[in-house]
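Chemist: Structure in structure tokens, see below.
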Amino acid sequence: MTDALFGRLDLSSLSIWHALQDPTPSELVAAGAAMAVILGGLGVLVLLTWFRLWGPLWRDWLTSVDHKRIGIMYCALALIMLARGVIEGVLMRTQQAFGLDGGFLTPDHFSQLFSTHGTIMIFFVAMPFIAGVINYVMPLQIGARDMAFPVMNQISLGLTATGAALVMISLVLGKFSTGGWANYPPYTGADFQPGPGPDYWIWAITLAGIGTTLSGINFAVTIYKERAPGMHFLRMPIFCWTVICTSIIMIFALPPLTVAALMLAADRYLEFHFFTNDLGGNMMNYVNLFWLFGHPEVYLLVIPCYGMFSEVITTYSGKRIYGYMSMVYATMSIAVLSFCVWLHHFFTMGQSANVNAAFGIASMAIAVPTGVKIYNWIATLFRGRVRMTVPMIYAVGFFYLFTIGGLTGVMLANPVISYQVHNTLFLVAHFHNVIIPGVLFGLLAGYHYWFPKAFGFRLHEGWGRAAAVLWIVGFSFTFLPLYWLGLHGMPRRSPTFAEPSFQPMMWLALFGAALILSALTCLAIQLWISIRRRDQLAVPLGDPWDGRALEWSIPSPPPPYNFAVVPHVTARDDFAEAKAAGRAYAEPEAYEDIEMPNNTAIGLIVCVCSTLMGVALVFWIWWLAVLSLAVMLLALVGRTFHTRNHHVIPAARVAAEHRAWLAKVQAATAVDRLQETHTRNMGRAMPERPNRTEAAE
């Protein structure tokens, strides 16, 4: 029976209610998480009201279509979700460390933890973080004023935020799925999990997946159509090449996931039988659809981070990237091959030996272009004037840890080996050994590298170094022991174990998890101290690292229109060449009026309505689902009748702002590489070889 007004939502849906009825450690942990969400939300509302920030929040952020603001909001969302994902990971490591004696979490709660942890880290940390960095950096690197579709960009953010909101709401109302981040049926079907858990996963992933697909279209069109004059494809930074490949994967890999999730919804809501055990259902269709998305997804995450490492390594070694063309070919090869290897995720599910062998060979082949990239980065560092700043510390950790993860990936590409360790912690170690060094380290390196561009001041170097070292050491202690445990038979997804010899390695992994939690704390402290000392760390002139691409040729933070005059690109690494030739910071011959898109609330409306619709669908509140969908559609249709969508920034204002900045640049003293982290660094770097036009070499 369901209520006409509230569906299946009642008092028993509250996590706190369960803790009051049955105050076991597991329920108390769940209730504590729910209270953290509630109190955190209330705290944000109080702070916004106390400091009278509602107006700026609405005017400058929630209704903005500026790609830079949207990129920052994506990154903020990812960092918030990262905090939850790390805490859940520490809880799982703690439970398993005490697993010999049973631990403190119930098996059902542990299953929810690994399901939400995987879902959050993939869909609501890595993907929004990547989308945020791309949003901010890519238009600046190609000399564009904004994304090709600014309003669609805002809607994409709204749909991604909806997915994250549904996952957070599941802490307070109901329970999340226990079917893992892949949500495999038939276990997640209505027969085995009739509660709201799988439905939370379905709607969070479906709505966020639509947003990501729209982002992919936006990124691709922006690069194809919005490049500055002279910015040929082979003059683009490597990061932009990785964005092209990522956008292609977004466009073609996300639809299979969306289709699979909606087919599972049809099974649960409409009694269809796509993936059930009876009446013609076949769960292997779901497995193929999911991993047809799932393995390209791995490269959707790691390819743009390859681009971030390329930017970091070239800048902090003072050299042009070694083997530019081979990097382009390798990137495109990885993107194509990523669609050819999905079956290696289920070698154990009954395919023929010939099919497994074909996919095993393809899985091994994808390591070749990845190896090309590693060698090119090392060659770029060779004989460079390397500065071991925070991003470079992450890059060094990436080199050795990602290489280990890649080698174990080649091992798992062998179906015989995969069959033996597929359901063990060896697989968990391999996956994290690729994703954390390859994706998270890349994102954190990019976060530290481009933060001054976004906010006009540098992040504190000391706390950044502490965080980087703790991430690298903490990861090593947490996940490298899992290889040993997996080879000795410790199954994955198990909250307990019965073999006493596993205990030392479990404690070692728990120690590593504590270091990772400390690394996250250092990141928070770093941000706090940097904001407090922003005047000492200010780099308003825009080029604190002696950067090479166009984003460093403008003020920090950039004006809404990015460039006073759209640049004319004449070379690869155009800004580095301009500094070496002495033609950087030249005043243009003339300024023109600039047309920019107006703010709009459509993205926020889509976010609020889709969140309400998601909650309504989870708890069968049909009237609210219909009402939310209707309001959202009316808002989208109504938007099409709005004709005044742009405003003009007069040339006189642009000229005044640009000349004032140029005057500050000319008056500033350039700092060399050894003074990058000194308070004297105001954002004007001394070129490495200012008297030679080939200085970028």
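Chemist: Restricting attention to the stretch 568-615, which residues are exposed (fewer than 15 other Cβ atoms within 10 Å of the Cβ), assigned to a loop (DSSP other than H, G, I, E, B) and among the charged types (D, E, K, R)?
Modeler: Matches in the stretch 568-615: ARG583, GLU587, GLU589, GLU592, ASP593.
Chemist: Being surrounded by fewer than 24 Cβ atoms within 10 Å (Cβ to Cβ) and of a type in the set (Phe, Trp, Tyr) is true for just one of PHE149, PHE124. Which residue is that? Spell out how you get there, then give the answer.
Modeler: On the way: PHE124 fails: surrounded by fewer than 24 Cβ atoms within 10 Å (Cβ to Cβ).
Only one candidate passes the filter, namely PHE149.
Chemist: Checking THR276 against (1) touching a helix residue (DSSP H, G or I) at 6+ places or on another chain (Cβ under 7 Å); (2) part of a helix (DSSP H, G or I); (3) surrounded by fewer than 22 Cβ atoms within 10 Å (Cβ to Cβ), which test does it fail?
Modeler: (2)
Chemist: Another question, if that's okay. Taking into account only those residues within the stretch 7-28 that are surrounded by 19 or more Cβ atoms within 10 Å (Cβ to Cβ) and among the aliphatic types (A, V, I, L, M), which is farthest from GLY85 (Cα to Cα)?
Modeler: Filtering first and then ranking leaves LEU9.
Chemist: Can you tell me which of (1) more than 33 Å from the chain's Cα centre (by Cα); (2) among the aliphatic types (A, V, I, L, M); (3) surrounded by 19 or more Cβ atoms within 10 Å (Cβ to Cβ) is the one ALA31 doesn't meet?
Modeler: (1)
Chemist: Among the listed residues LEU91, LEU105, identify the single one that is outside any helix (DSSP H, G or I), touching a residue at least 40 places away in the same chain (Cβ under 8 Å) and under 30 Å from LEU28 (Cα atoms).
Modeler: Values: LEU91 fails: outside any helix (DSSP H, G or I).
Going through LEU91, LEU105 in turn, just one is outside any helix (DSSP H, G or I), touching a residue at least 40 places away in the same chain (Cβ under 8 Å) and under 30 Å from LEU28 (Cα atoms): LEU105.
Chemist: Out of the residues in the stretch 63-117 that are closer than 21 Å to PRO481 by Cα and among the polar types (S, T, N, Q), state the one that is surrounded by the most Cβ atoms within 10 Å (Cβ to Cβ).
Modeler: GLN96
Chemist: Related question: Among GLN503, GLN536, which is the only one that is farther than 23 Å from GLY406 by Cα, assigned to a helix (DSSP H, G or I) and in contact (Cβ under 8 Å) with a residue 24 or more places away in the chain?
Modeler: On the way: GLN536 fails: assigned to a helix (DSSP H, G or I).
After ruling out the rest, the residue left standing is GLN503.
Chemist: From VAL65, VAL86, which residue is touching a strand residue (DSSP E or B) at 6+ places or on another chain (Cβ under 7 Å) and in contact (Cβ under 8 Å) with a residue 24 or more places away in the chain? Working first, answer last.
Modeler: Details: VAL86 fails: touching a strand residue (DSSP E or B) at 6+ places or on another chain (Cβ under 7 Å).
Sole residue among the options that is touching a strand residue (DSSP E or B) at 6+ places or on another chain (Cβ under 7 Å) and in contact (Cβ under 8 Å) with a residue 24 or more places away in the chain: VAL65.
Chemist: Looking at VAL396, VAL416, VAL434, which is the one that is over 30 Å from LEU541 (Cβ atoms) and either in contact with a Lys or Arg (Cβ under 6 Å, 6 or more places away or on another chain) or surrounded by fewer than 19 Cβ atoms within 10 Å (Cβ to Cβ) (or both)?
Modeler: Working: VAL396 fails: over 30 Å from LEU541 (Cβ atoms); VAL434 fails: either in contact with a Lys or Arg (Cβ under 6 Å, 6 or more places away or on another chain) or surrounded by fewer than 19 Cβ atoms within 10 Å (Cβ to Cβ) (or both).
Residue meeting the stated conditions: VAL416.
Chemist: Just checking, does the stretch 207-214 include any residue being closer than 29 Å to LEU171 by Cβ, polar (S, T, N, Q) and in a helix (DSSP H, G or I)?
Modeler: Of the residues in the stretch 207-214, the ones closer than 29 Å to LEU171 by Cβ are 207-214.
Adding the requirement that they be polar (S, T, N, Q) leaves 212-213.
Checking the rest, the ones that are also in a helix (DSSP H, G or I) come to 212-213.
Checking the stretch 207-214: at least one residue is closer than 29 Å to LEU171 by Cβ, polar (S, T, N, Q) and in a helix (DSSP H, G or I).
Chemist: Continuing with the same structure: Tally time: how many residues in the stretch 226-243 are closer than 18 Å to TYR306 by Cβ, crowded, with 18+ Cβ neighbours inside 10 Å and either free of Cβ contacts under 8 Å to residues at least 40 places away in the same chain or over 16 Å from the mean Cα position of the chain (by Cα) (or both)? Even if it seems obvious, please write down each step before you answer.
Modeler: The initial filter retains those residues of the stretch 226-243 that are closer than 18 Å to TYR306 by Cβ, namely 233-234, 236-243.
When the remaining residues are screened for being crowded, with 18+ Cβ neighbours inside 10 Å, the result is 236-243.
Subsequent filtering for residues that are either free of Cβ contacts under 8 Å to residues at least 40 places away in the same chain or over 16 Å from the mean Cα position of the chain (by Cα) (or both) retains 236-238, 240-241.
Residues meeting the conditions: 5.
Chemist: Would you mind stating whether GLY55 is surrounded by fewer than 16 Cβ atoms within 10 Å (Cβ to Cβ) and not basic (Lys, Arg)?
Modeler: Details: surrounded by fewer than 16 Cβ atoms within 10 Å (Cβ to Cβ): yes; not basic (Lys, Arg): yes.
When the stated conditions are applied, GLY55 passes them.
Read-outs: derived from the displayed coordinates by stated rules, not from any lab. Predicted model only: the values in this text are computed from it and were never measured. Cβ coordinates were reconstructed from backbone atoms using ideal geometry, including for glycine residues, and neighbour counts include every protein chain displayed.
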